[in-house]
Amino acid sequence: MSRNKVFVTRELPAAALDRLARHCELDVWDGFLPPEYDIMLKKAHSLSGLLCLLTDRVDARLLAAAPDLKVVSNMAVGYDNIDVAAASARGIPVGNTPGVLTETTADFAFALLMAAARRIPEARQYIHAGKWQTWHPTVLSGRDIYGACLGIIGFGRIGQAVARRAAGFGMRILTHSRGNSEQSLAAGAESCDLDELLEQSDFVSLHLPLTDETRQFIGARELSLMKPTAILINTARGGVVDQAALYEALRHKAILAAALDVTDPEPIPLESPLLTLDNCLIVPHIASASVATRLKMAQMAVDNCIAGLRGEKLPTCVNTQVYSSR
Ligand code: NAP
Ligand code: GLV
């Protein structure tokens, strides 16, 4: 009997891949860059499983080209790269990796907040440019974090983990999400409407998934409501922010600064105007990048993949409705 064939779109830690190899015939993409869409399309017809990353577009066309596909397992908590509706229509479960990256991602959102508030990248640049001549009363003065007001948009796992960190900094915490007032109270935060959050916050941190509803959630109107001293932090998805509007807001000092782990597109083109701004800190989508967390994500993605190949319920499935229709 032929074995299940699984395409893994990038080299993962050996501990995870070795485990998966016991359950299937593995085809692992060994390129540093993602496989091109056409390559995935060519491979699709023979696949029982696909273990992919957030850089891989898994759309209806690709799914239709894979008649024997039993599972799509994404090594990420966000799954906006996958057409989940098309997978569900075919009864294919889609797995993601929630929880294991929550604290690591929240650490990083807070690191970005602090770096932007206290101007750490600029300060490093200042030394390298030979500008450090003396201690000066005003040079490189930033914004206080302790006692400031943090607005958290999207109060799920990561949003709440950011709130726990903010509480340690004596911050006032405002949240805007869907149906989260109980969680807000538990975290010592106040739930409020979006405009109030934007008007009152010194820092606004985004923790929404990218969906049709949240695309460009922060646009010119929302930026115009923020304080001129406010800092925007985005570790969610680039598409949640209207980048052209953000550029204008930063250029005209309508807000003080932004710190972005995510952009649209990724990687950000070197000619992007955002890269010309001193008050915009951009890093290459690394919020979950700790050695331990990336290993846990890989293991979780493998667990989902193995369960799907066996016809068992995925441990973390984003479209559980596929089971009720079986
Ligand atoms: P989560 O627990 O599902 O939290 C998302 C929160 O956003 C939920 O409370 C959700 O409410 C809320 N929400 C969704 N749509 C909304 C809307 N239209 N208006 C207001 N609130 C809305 O997810 P998570 O684990 O915290 O992850 C959040 C996102 O972070 C992921 O989807 C991913 O895109 C991103 N992420 C990025 C990195 C990185 O490396 N930069 C790492 C991890 C995650 P409901 O519960 O009602 O849906
Ligand atoms: C990373 O961005 C994730 O969604 O896990």
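The values are calculated or read from the model by the stated rules, or taken from the named source; none is laboratory data. This is a predicted model, so every value here is computed, not measured. Neighbour counts are summed over all protein chains in view; Cβ atoms, including those assigned to glycine, are modelled from backbone coordinates with ideal geometry. For the accessible areas, the whole protein counts, side chains as well, though only heavy atoms, and no ligand, DNA or RNA atoms are used. Shrake-Rupley method; radii C 1.70, N 1.55, O 1.52, S 1.80 Å.
Taking the chain as a Gaussian network, where each spring joins two C-alpha atoms under 10 Å apart, which residue of Leu225, Leu270, Leu208 fluctuates the most?
Looking only at Leu225, Leu270, Leu208, the biggest GNM fluctuation is shown by Leu270.
Give the cross-link partners of Lys131 among the aspartates and glutamates, using a straight C-alpha distance below 13 Å as the criterion and excluding same-chain residues fewer than 8 apart.
Candidates past the 8-residue exclusion: Glu122.
Hey, with R₀ at 35 Å, roughly what FRET efficiency would Glu266 and Thr134 work out to, going by the Cβ-Cβ distance, to 0.05? Please list the in-between numbers first.
Details: r = 40 Å, r/R0 = 1.16.
With a Förster radius of 35 Å, E is 0.30.
Under the 0.36 nm per residue contour assumption, what length would be gained going from the current alpha-carbon distance of Ala167 and Ala244 to full extension?
Values: separation 77, 0.36 × 77 = 27.72 nm, distance 3.27 nm.
Extra length from Ala167 to Ala244 when fully extended: 24.5 nm.
Report the full-extension gain for the segment Ser181 to Phe32: residue separation times 0.36 nm, less the Cα-Cα distance, to one decimal in nm. Don't skip to the answer; put the middle values down first.
Details: separation 149, 0.36 × 149 = 53.64 nm, distance 4.32 nm.
49.3 nm is the gain from fully extending Ser181 to Phe32.
Where a Cα-Cα gap under 26 Å defines reach, which lysines qualify for Lys296, not counting those fewer than 8 residues away within the same chain?
In chain and number order, the partners are Lys5, Lys70, Lys313.
Given a 1.4 Å probe, how much area per residue of the stretch 1-143 is accessible, in Å²?
Working: 7550 Å² over 143 residues.
Roughly 53 Å² per residue, with all protein chains present.
Of Val302, Pro267, Ala257, which is farthest along the charge dipole of the stretch 254-307 in the positive direction, counting Lys and Arg as +1 and Asp and Glu as -1 at C-beta?
The residue sitting most towards the positive pole is Val302.
Counting just the Cα atoms, what span does the chain cover along each of its three principal axes? Round to the nearest Å and put the largest first.
The Cα atoms of the chain stretch 76, 47, 32 Å along the principal axes, largest first.
Find the centroid of the Cα atoms in the stretch 273-310 and in the stretch 92-152, then give the distance between the two in whole Å.
18
Once neighbouring chains are kept in place and the probe is 1.4 Å, which whole percent of the accessible area of the stretch 102-282 is contributed by carbon and sulfur? Don't skip to the answer; put the middle values down first.
Values: 4820 of 9120 Å².
About 53 percent, which is the carbon plus sulfur part of the accessible surface.
Aspartates and glutamates within cross-link reach of Lys43: Cα-Cα under 15 Å, excluding same-chain residues under 8 positions apart?
In chain and number order, the partners are Glu25, Asp27, Asp30, Asp56, Asp59, Asp68.
Nearest 10 degrees is fine. How inclined is helix 291-309 to the longest principal axis of the chain, computing both from alpha carbons?
So the inclination is approximately 30 degrees.
Ranked highest first by average number of other Cβ atoms within 10 Å, how do 258-265, 127-134, 198-205 line up? Kindly include the intermediate steps, with their values, before the conclusion.
Working: 258-265: 21.9, 127-134: 8.5, 198-205: 24.0.
Order by mean packing, descending: 198-205, 258-265, 127-134.
Full extension from Ala21 to Ser290: what is 0.36 nm times the residue separation minus their Cα-Cα distance, to one decimal in nm? Please list the in-between numbers first.
Working: separation 269, 0.36 × 269 = 96.84 nm, distance 2.45 nm.
Fully extending the segment from Ala21 to Ser290 adds 94.4 nm.
Can you give the FRET efficiency to the nearest 0.05 for Asp144 and Glu213, using r as the Cβ-Cβ distance and R₀ = 51 Å? Let's see the in-between values first.
Numbers: r = 34 Å, r/R0 = 0.66.
With R0 = 51 Å, the Cβ-Cβ based efficiency is 0.90.
Could you sort the peptides 277-286, 137-146, 106-115 by per-residue average Cβ neighbour count (10 Å cutoff), highest mean leading? Could the numbers behind the result be given before it?
Values: 277-286: 16.7, 137-146: 11.7, 106-115: 22.0.
Ranked from most to least packed, the peptides come out as 106-115, 277-286, 137-146.
Non-local amide H neighbours of Asn74 (under 5 Å, H modeled in plane, Pro and chain starts lacking H): which ones?
Distant-sequence amide H within range of Asn74: Cys52, Gly95, Asn96.
Defining a contact as two alpha carbons under 8 Å apart and six or more residues distant in sequence, what relative contact order in percent does the stretch 102-282 show?
Working: 325 pairs, mean separation 34.8, N = 181.
The normalised contact order for the stretch 102-282 reaches 19 percent.
When the Karplus curve 6.51 cos²θ - 1.76 cosθ + 1.60 is applied with θ = phi - 60°, which whole-Hz ³J(HN,Hα) does each residue of the stretch 75-87 get, with x for Gly and Pro?
8, 5, 7, x, 9, 5, 7, 10, 7, 5, 4, 5, 5
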